[in-house]
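Since every read-out is calculated from the coordinates, none of them should be taken as a lab result. This one's a predicted model, so the numbers in the text were calculated from it and none came from an experiment. Quick reminder, even Gly has a Cβ in these numbers, built from the backbone with ideal geometry, and neighbours come from all protein chains shown.
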Amino acid sequence: MSTSIKHDDAPAGARSFTTKPRRGTKVRRQRVKAAWLFLAPMLIALTLVAGWPLVRTFFLSFTDASLSDLGAANLIGFENYLVYDDGSWYGVLADSVWWQSVWNTVYFSVVSVSLEVVFGVIVALILNAEFKGRVIVRAAVLIPWAIPTIVSAQMWAWMLNDQFGIINHLLMSVGIIDAPIAWTANAVYSMWAVIMVDVWKTIPFVALLVLAALQMLPKDCYEAAEVDGIHPLRVFFKVTLPLITPALMVAVIFRLLDALRVFDVIYVLTSNSTSTMSMSVYARQQLVEFQDVGYGSAASTLLFLIIALATVAYLYVGRKQIQLGGD
């Protein structure tokens, strides 16, 4: 409540001096309380759907749980992560296949997200221009994103097949290759085949976010640049790109989270191949095929920590860049 200070010696009609409270008013506290009430159902649902499985995964990573008998699990400490026994190191962190899957995931994430951002911006700039049939083109561009990943991955698996795939047929018909290529079985091409399929599917997502940002940009900046005769490329890098950076950051963080936990497109195209195995595929192999729930939970926990650290680091760097740009 506010406090009023009134001087007795002040002349009649003089105003009272009111000191405002430093903290939130009653109305603000009511708004905060209402916000928490509206958020409560969502937070409870997240706790049940995501929080409990996450906590249970953490717990199982410190046990020798097996898929055949989860009830017989015993605590073994950090042995699933790293342990030294009989002169050798064992555990997820000592497994060369795990580190190969980490490298595959990081490589896939960096390359695919970078290509998606570049091509997504190009597509957004094209869709932002005025031309005949723009509405139809915008709808057509969204088709790859609308197709479920499993369906699109299987579709590309058929097209990339070395025996009856249409990709090999087209390349051989124009003389680019002389013999069919096993795109998803050959270690030289398999990772790039997976990246190509992922980029094809997710470019529309980035383009949609960038297009929304482009349509909100002020027109007077571009009119002034046109009058001054500034080259369009210079306008893009000096005006457009800084203004759409927040939208690009949103697109990158969502795509980075998806890419780091990628499973479906890699598993459908290349199954458990070590040349393309991601961290999620590795964890699935340990959990399901080897039925080692404790070991697989340790891999899943490390995957969660890597994604969390990558997200925090990206948000921190992005915020610093925005602050430096504002200064």
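Lys26: which lysines have alpha carbons under 26 Å from its alpha carbon, excluding same-chain residues fewer than 8 sequence positions away?
Result set, ordered by chain and number: Lys6.
Is there a quick way to get the dipole size of the range 151-306? I mean about its Cα centre, with the Cβ of Lys and Arg at +1 and of Asp and Glu at -1; what is the value in debye to the nearest 20?
That gives the range 151-306 a dipole magnitude of about 180 debye.
Apply the Karplus parameterisation 6.51 cos²θ - 1.76 cosθ + 1.60, with θ equal to phi minus 60°, to every residue of the range 146-162 and state each ³J(HN,Hα) to the nearest whole Hz, in sequence, with x for glycine and proline.
Karplus values, whole Hz, x for Gly and Pro: 6, 6, x, 4, 4, 5, 5, 5, 5, 4, 5, 4, 5, 5, 8, 4, 6.
For a label point 7 Å from the Cα of Phe78 along Cα→C-beta, name the residues of the range 28-67 whose backbone N is under 15 Å from it.
Within reach of a label on Phe78, which here means backbone N under 15 Å from a point 7 Å along Cα→Cβ, the range 28-67 contributes 61-63.
Given points 7 Å out from each Cα along the Cα-Cβ axis, report the Ser88 to Gln215 separation in nanometres with one decimal.
Between Ser88 and Gln215, the simple spin-label model gives 6.0 nm.
At a 10 angstrom cut-off on C-beta neighbours, averaged per residue, how do the peptides 204-210, 236-242, 173-179, 81-87 rank from highest to lowest?
Ranked by mean Cβ neighbours within 10 Å, highest first: 204-210, 236-242, 81-87, 173-179.
Taking amide H positions as placed 1.01 Å from N in the peptide plane, with prolines and chain starts having none, which residues 5 or more places from Thr63, or on another chain, fall under 5 Å of its amide H?
Result for Thr63 returns Ile76.
Compute the helix-to-body angle for 241-260: its Cα long axis versus the longest principal axis of the chain, expressed 0 to 90° and rounded to tens.
So the helix axis and the longest Cα principal axis differ by about 40 degrees.
Measure off 7 Å from each Cα along the Cα-to-Cβ vector at Ile136 and Tyr189, then give the distance between these two points in nanometres to one decimal.
3.4
Please give the FRET efficiency for Tyr107 paired with Ala40, using the beta carbon to beta carbon distance and R0 = 25 Å, rounded to the nearest 0.05.
About 0.05, to the nearest 0.05.
Which of these, Ala182, Ala45, Ala213, has the largest mean-square fluctuation under a Gaussian network model of the chain (Cα springs below 10 Å)?
Among Ala182, Ala45, Ala213, the largest mean-square fluctuation in the Gaussian network model of the chain belongs to Ala45.
Assigning unit charges at the beta carbon (Lys, Arg +1; Asp, Glu -1) and nothing else, what dipole magnitude in debye, to the nearest 20, does the range 78-145 show about its Cα centre?
840
Kindly identify the chain as rounded, prolate or oblate by the Cα gyration tensor criterion: order the square roots of the eigenvalues as a ≥ b ≥ c, call it rounded if a/c is under 1.5, otherwise compare a/b with b/c, prolate if a/b is larger, else oblate.
Here the chain falls in the oblate category.
Taking a threshold of 31 Å on the Cα-Cα distance, which of the pairs Lys132/Lys201; Lys132/Lys238; Lys33/Lys201 fall above it?
Lys33/Lys201
Name the shape class, rounded, prolate or oblate, that the alpha-carbon gyration tensor gives for the range 215-298, where a ≥ b ≥ c are the square roots of its eigenvalues, rounded holds for a/c under 1.5, and otherwise prolate holds if a/b is larger than b/c and oblate otherwise.
prolate
Magnitude of the Cβ-charge dipole of the chain, K/R +1 and D/E -1, about the Cα centre, nearest 20 debye?
For the chain, the charge dipole is close to 2160 debye.
Would any residue of the range 210-238 have its amide N under 20 Å from a label point 7 Å out along Cα→Cβ of Ala146? List them or say none.
Residues 210-212 qualify, since their backbone N sits under 20 Å from the label point.
Per residue of the range 95-110, what does 6.51 cos²θ - 1.76 cosθ + 1.60 with θ = phi - 60° give for ³J(HN,Hα)? Whole Hz please, x for Gly and Pro, Karplus curve as stated.
Residue by residue, the range 95-110 yields 8, 5, 5, 4, 5, 5, 5, 5, 4, 4, 5, 5, 4, 4, 5, 5 Hz.
Rounded if a/c is under 1.5, else prolate if a/b beats b/c, else oblate: with a ≥ b ≥ c from the C-alpha gyration tensor eigenvalues square-rooted, which is the range 23-149?
oblate
What FRET efficiency comes out for the pair Met159/Val97, r = Cβ-Cβ distance, R0 = 25 Å, nearest 0.05?
The value I calculate is 0.30.
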